Amino acid sequence: MRPNVARLLSLFLLATTSPLIAQGPTPLPPALPWSGKSEALIVKAGNPWITPAEAAGFQTTPRYAEVRAWLNHLDAASPLITVNTFGRTTEGREMIYVRASKGGRGKPVVLVQGGIHAGEIDGKDAGLMLLRDIALRGKDSLLDKVDLVFVPIYNIDGHEQLSAYNFPHIRGPAEKGRDANARNIDLNRDYAKLDAPESRAMIGLIRSLDPILYIDCHVSEGFDMQYDVTFTYAGWGKYARHRATADWLENRFGPTVSTALTRAGHTPIIYPSPIDTRHPEKGIRYSPEGPRYSTGYGDFIGMPTVLVENHMLKPYRQRVLGTYVLMEAAMKIAAEDAARIAAAKATDRASRPSELLTRWKPVATPIGWIENFKGVAFDTYVSPASGREEQRWLAKAITFRMPIIGQTPAESVRLPKAWWVPREQIEVIERLRLHGIQFESIQTPKALKLNRVRLIDPKLSQPIEGRYPITAEFEHYETDETIPAGSVRVPADQPLGLLAASLLEPESQDSFLAWGFFPEMLAPAPNTDAFVLAALGDRLLATNPVVRRHFDAKLRDEPGFAANPDARLAWLYAQAGPGHPYPLHYPIAREKEGAQRLGL
């Protein structure tokens, strides 16, 4: 054996026998001691229905094939359990969900998913334990009034890329999956644009089930604290797009689940999203959310949606047990409040907001305080690796007064009666169909007064999530046009009108335009010989005093324009006729009324 190979093997053996292996390759801060009543949920070694994570002492988590085999075994053993498929991943793996049900038509559904970020996999192993206990260990009463639909692994392709170096900030399991799918698309940024087959499958499942509660299981990052199970919802604190479902989450779900977690020995709180992880005392953030996220999407469509964010530095065993308690409590409150939730959903879907908040900014002063926030002490040291001061968490419980930083509106748009999508925008029309947004195609041309948008100074952003996002300023103008046959009309007056607005209003941060769906807008117009354009421009300036006045003003006010002969000729060419229909023209029109940006 060569010496370097022997050295590597000895280091590997040392690592696999070291206590650090339980927390991955990165030495994590000491864990706070914990014990709680939820530990009684773990079955004893040798139990024929022990889950893979329990059997491994929560040091490892099972792979996709093992999860599917275990669930098929449970399906065969219990009439309450059915394993189904609902799509395929980017790499072609079958996506599975489990339905736990006593039967009965029209029973409301609680939908729970694990592993949208496949390294944050607590929900998967908690769900297997809960399904086992529902099917075989006396908790079938949870199914008296609701069905449970459980997706154990949403991002399966990312899940199968196990490594000790994925999510190194999370304490266990020993190897974890990746955050994104096989195309490196983060599925929790894809609910609106639907680029990934996994996202399309999930939206299809949501539409088929229309759940009364949707739970998305994650693990946090940020700073150390005493809380182990945290959760939140879009609009927490007052920022929801749809208020009735948000009120149920805040007033019923949150208190009920927090009580159950506390009784089981856990320490819950609404997810404290930090303003500055290096300075926790600067506060936590409450803000609106866009439909790219699960919680934002749920808010836009009037579906109560919960984001679970277990704390990264708590041991995997503790986090899985906390998730189990939360899921069980969620099923109970959803069953108890099924009629109330259905009424809240109906109220939100009957609402017709006239405006869409598109941009916001932090308020100058806190909107509230957590008086005794349960933090953890830290000091700092100069890291040889980074060359700067870094945090060192000390596993010492402290409390301090935590400010809550809210947001104030910075921009809003007033919605039109409808949006008109050209029939050639197939990619957009298909996504509207996948979301279930109502639209119709016209069979004959139609004359309309429309609001159009021209892009000013557009810029391509750094590529992300498989797209080149676009930022720009927008100029609105009115036009009388005849819309051709085959064009698609998307009315704002519909249950998903606000979701349609978030996708079609260019100012929206999750619009198709913002995600870069219309690259043809940025292509230059075809060239024409300068001698032709110059002659055309000379005649226009000599015969059109309005154009001459605007041209002289641009020469006076814009030195860069005045010094650019090609820009001058292109501008005059655009004034001489209709101009080229693509460069810097947003292809989707708004049908009057409304459709103006409101500076706030």
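If only one of Val146, Val151 is at pLDDT 95 or above and under 24 Å from the mean Cα position of the chain (by Cα), which one is it?
Val151
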Across the stretch 148-162, which residue is surrounded by the fewest Cβ atoms within 10 Å (Cβ to Cβ) among those that are β-branched (Val, Ile, Thr) and more than 16 Å from Ala335 (Cα to Cα)? Val151
In the list Ser199, Ser208, which residue meets the criterion of being closer than 27 Å to Glu430 by Cα and crowded, with 22+ Cβ neighbours inside 10 Å? Ser199
Quick one: is Ala118 in a loop (DSSP other than H, G, I, E, B) and either closer than 27 Å to Pro315 by Cα or modelled with pLDDT under 95 (or both)? yes
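Conditions tested, residue by residue: (1) of a type outside the set (Gly, Ala, Ser); (2) open to solvent by less than 10 Å² (accessible area, probe 1.4 Å).
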{"site": "Gly104", "(1), (2)": "no, no"}
{"site": "Ala118", "(1), (2)": "no, yes"}
{"site": "Ala126", "(1), (2)": "no, yes"}
{"site": "Ala135", "(1), (2)": "no, no"}
{"site": "Leu143", "(1), (2)": "yes, yes"}
{"site": "Val146", "(1), (2)": "yes, yes"}
{"site": "Ala164", "(1), (2)": "no, no"}
{"site": "Gly172", "(1), (2)": "no, yes"}
{"site": "Arg178", "(1), (2)": "yes, no"}
Of the criteria (1) free of Cβ contacts under 8 Å to residues at least 12 places away in the same chain; (2) among the aliphatic types (A, V, I, L, M); (3) assigned to a strand (DSSP E or B), which one Leu356 fails: (1)
Lys396 versus (1) assigned to a strand (DSSP E or B); (2) modelled with pLDDT under 95; (3) not aromatic (Phe, Trp, Tyr): which is the lone unmet condition? (2)
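Residues checked against (1) in a strand (DSSP E or B); (2) open to solvent by 80 Å² or more (accessible area, probe 1.4 Å); (3) in contact with a strand residue (DSSP E or B) (Cβ under 9 Å, 6 or more places away or on another chain); (4) at negative phi:
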| residue | (1), (2), (3), (4) |
| --- | --- |
| Trp420 | yes, no, yes, yes |
| Val428 | no, no, yes, yes |
| Leu434 | no, no, no, yes |
| Leu448 | yes, no, yes, yes |
| Asp457 | yes, yes, yes, no |
| Glu478 | yes, yes, yes, yes |
Going by the structure shown, is Arg243 closer than 21 Å to Ile367 by Cβ, basic (Lys, Arg) and surrounded by fewer than 22 Cβ atoms within 10 Å (Cβ to Cβ)? yes
Criterion violated by Ser511 - all others in (1) open to solvent by 10 Å² or more (accessible area, probe 1.4 Å); (2) free of Cβ contacts under 8 Å to residues at least 24 places away in the same chain satisfied: (1)
Pick from Pro587, Pro581, Pro524: which is modelled with pLDDT under 90 and either of a type in the set (Val, Ile, Thr) or in contact with a Pro (Cβ under 7 Å, 6 or more places away or on another chain) (or both)? Pro524
If Ala330 satisfies all but one of (1) in a loop (DSSP other than H, G, I, E, B); (2) within 23 Å of Ile212 (Cβ to Cβ), what's the number of the condition it fails? (1)
Qualifying residues in the stretch 516-534 (those that are open to solvent by 30 Å² or more (accessible area, probe 1.4 Å) and assigned to a loop (DSSP other than H, G, I, E, B)) - the one farthest from His585 (Cα to Cα): Asp529
Which residues, taken from the stretch 53-79, are in a helix (DSSP H, G or I) and buried (at least 17 other Cβ atoms within 10 Å of the Cβ)? Ala53, Glu54, Tyr64, Val67, Arg68, Trp70, Leu71, Leu74, Asp75
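Count, please, the residues in the stretch 535-580 that happen to be basic (Lys, Arg) and not in a helix (DSSP H, G or I).
0
Can you confirm whether Asp216 is of a type in the set (D, E, K, R) and either open to solvent by less than 10 Å² (accessible area, probe 1.4 Å) or at positive phi (or both)?
For Asp216, the condition - of a type in the set (D, E, K, R) and either open to solvent by less than 10 Å² (accessible area, probe 1.4 Å) or at positive phi (or both) - is met.
The values are calculated or read from the model by the stated rules, or taken from the named source; none is laboratory data. From a predicted model like this one, the values you see are computed outputs, not experimental measurements. Counting neighbours? That spans all protein chains shown, and the Cβs are built from the backbone with ideal geometry, glycine included. Note: accessible area is taken over every heavy atom of the protein model, side chains too, but ligands, DNA and RNA are not part of it. Shrake-Rupley method; radii C 1.70, N 1.55, O 1.52, S 1.80 Å.
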